[in-house]
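Here, each number is a calculation from the coordinates, and none is a lab measurement. What you are looking at is a predicted structure, and each value in this text was computed from that prediction instead of being measured. Here the Cβ positions follow ideal geometry from the backbone for every residue, glycine too, while neighbour counts run over all protein chains shown.
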Amino acid sequence: MSGLKAKLLGGALAIAVPLVGYYEGRNLAAYLDPVGIPTICYGSTQGVKIGQTRTAEECDALLATELGEAITTVDRLARGPLPDTRRAALGSFVYNVGAGAFERSTLLRKLNAGDVAGACAELSRWVYAGGRKLGGLVKRRSAERELCEVGL
């Protein structure tokens, strides 16, 4: 990640890295996530194959890059400035569900309509994977929502 990009992501990335790291956990060997997608490191799925391994340093770098991309997506799609806590919360969310889901979400529509409280509340609805409510997602979304609501 370039120095300029890191500065632009700044506090949001610093807040989001430990949040995502905690809820994703780090796995140095590829595994199948709860819906059967090959996953490695802190929830990375792109190009992952079962049997693949990474070092701790590779996982940390991958997290910073992919989470930086998620926050950049938030910055691109959200109309108007957001505090770093909200950028971090939404970056964590995008990292988990993907840019496309965020772009099509009621959450983003509410955010861009000025209903920040309603947008943050939408996070609590995103707790299902493969049609099953997952306890880990309930806890993660609660933490993301709390961050999202800072200052409201």
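Is there a residue in segment 43-55 that is farther than 15 Å from R140 by Cα, charged (D, E, K, R) and crowded, with 18+ Cβ neighbours inside 10 Å? Outline the logic, then answer.
Initial filter on segment 43-55 (farther than 15 Å from R140 by Cα): 44-55.
Subset that is charged (D, E, K, R): 49, 54.
Imposing the further condition that a residue be crowded, with 18+ Cβ neighbours inside 10 Å reduces the set to 54.
Yes: segment 43-55 contains one or more residues that are farther than 15 Å from R140 by Cα, charged (D, E, K, R) and crowded, with 18+ Cβ neighbours inside 10 Å.
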Restricting attention to helices (runs of 4 or more DSSP H) lying wholly within segment 31-150, give those where 3 or more residues are hydroxyl-bearing (S, T, Y) and under 26 Å from G10 (Cβ atoms).
56-77, 84-97
Do we find that G130 is loosely packed, with under 12 Cβ neighbours inside 10 Å, within 18 Å of T45 (Cα to Cα) and of a type outside the set (S, T, Y) in this structure?
yes
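Is one or more of the residues making up segment 91-100 hydroxyl-bearing (S, T, Y), within 15 Å of the chain's Cα centre (by Cα) and either closer than 20 Å to G21 by Cα or buried (at least 17 other Cβ atoms within 10 Å of the Cβ) (or both)?
First pass over segment 91-100, keeping only residues hydroxyl-bearing (S, T, Y): 92, 95.
This time we only want the ones that are within 15 Å of the chain's Cα centre (by Cα), so: 92, 95.
Adding the requirement that they be either closer than 20 Å to G21 by Cα or buried (at least 17 other Cβ atoms within 10 Å of the Cβ) (or both) leaves 92, 95.
Yes: segment 91-100 contains one or more residues that are hydroxyl-bearing (S, T, Y), within 15 Å of the chain's Cα centre (by Cα) and either closer than 20 Å to G21 by Cα or buried (at least 17 other Cβ atoms within 10 Å of the Cβ) (or both).
Return yes or no: is R79 touching a helix residue (DSSP H, G or I) at 6+ places or on another chain (Cβ under 8 Å) and without any contact (Cβ under 8 Å) to a residue 60 or more places away in the chain? Quick ask: steps written out before the conclusion?
Numbers: touching a helix residue (DSSP H, G or I) at 6+ places or on another chain (Cβ under 8 Å): yes; without any contact (Cβ under 8 Å) to a residue 60 or more places away in the chain: yes.
Yes.
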Counting only residues that are free of Cβ contacts under 8 Å to residues at least 60 places away in the same chain and under 19 Å from the mean Cα position of the chain (by Cα), segment 37-73 contains a total of 23
